[in-house]
Amino acid sequence: MKSIDISPSDYDRHGRLRLPFLFWCVLVLQARTWILFVIAGASRGQGDALLTLFYPDHHQFWLGLLPGLPAALAFFFSARREYHPRFWHAIYPLLLLVQLALVLWLPSRWFCGEALSGIGLSLLIIDLFALWWLATSRRLRACFYSSDE
């Protein structure tokens, strides 16, 4: 097995391997509908127009909230991963599955008649990169499956 280049500075003060910065970016990406929901709620009068811009079909909006749930759980349990190791180990494949679903969801919406947009195409490219990174990052996998937890 190939070694992972981990330096002592990659560990926090509790001796746990720090989660990579891109992990937090992937969580934000998976919870993007929740973030849009909060922004729309905070903008009061323009919230409905903002939601309609990104989700013309409101049914798709409610479905878009589902991928954010595992991301929220991962964010919540990231600080408590040593107390719930089984749950923490189960989050990694769940995040991979959610990311794969996000990659497949956008093209399926386009095949069902939704207009292709620059935002949608950009999100697909970013989702593909996030899926590739989640699947291939050895350091991230070591954060989830380290032997000391």
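Scoring SER122 on the criteria (1) surrounded by 12 or more Cβ atoms within 10 Å (Cβ to Cβ); (2) within 17 Å of the chain's Cα centre (by Cα); (3) closer than 20 Å to LEU51 by Cβ leaves a single failure, condition (1).
Exactly one residue among ARG86, ARG81 is over 16 Å from LEU134 (Cα atoms), buried (at least 17 other Cβ atoms within 10 Å of the Cβ) and at pLDDT 85 or above, and that residue is ARG81. The residues on offer are LEU66, LEU19, and the sole one that is part of a loop (DSSP other than H, G, I, E, B), surrounded by fewer than 17 Cβ atoms within 10 Å (Cβ to Cβ), within 14 Å of the chain's Cα centre (by Cα) and on the phi < 0 side of the Ramachandran plot is LEU66. Residue-level check: of (1) of a type in the set (Val, Ile, Thr); (2) buried (at least 17 other Cβ atoms within 10 Å of the Cβ); (3) assigned to a loop (DSSP other than H, G, I, E, B), ILE91 misses just (3). Pairs needed: first member in the stretch 31-51, farther than 26 Å from ALA130 by Cβ; second member anywhere, modelled with pLDDT under 85; C-beta distance under 8 Å; at least 6 residues apart or different chains. Within 8 Å, the pairs are SER43/LEU50. Which of the residues spanning the stretch 112-149 are assigned to a loop (DSSP other than H, G, I, E, B) and either among the aromatic types (Phe, Trp, Tyr) or touching a Phe, Trp or Tyr at 6+ places or on another chain (Cβ under 9 Å) (or both)? Residues satisfying the conditions are LEU116, SER137, TYR145, GLU149.
The values are calculated or read from the model by the stated rules, or taken from the named source; none is laboratory data. What you are looking at is a predicted structure, and each value in this text was computed from that prediction instead of being measured. Backbone-built Cβ (ideal geometry, glycine too); neighbour counts: all protein chains shown.
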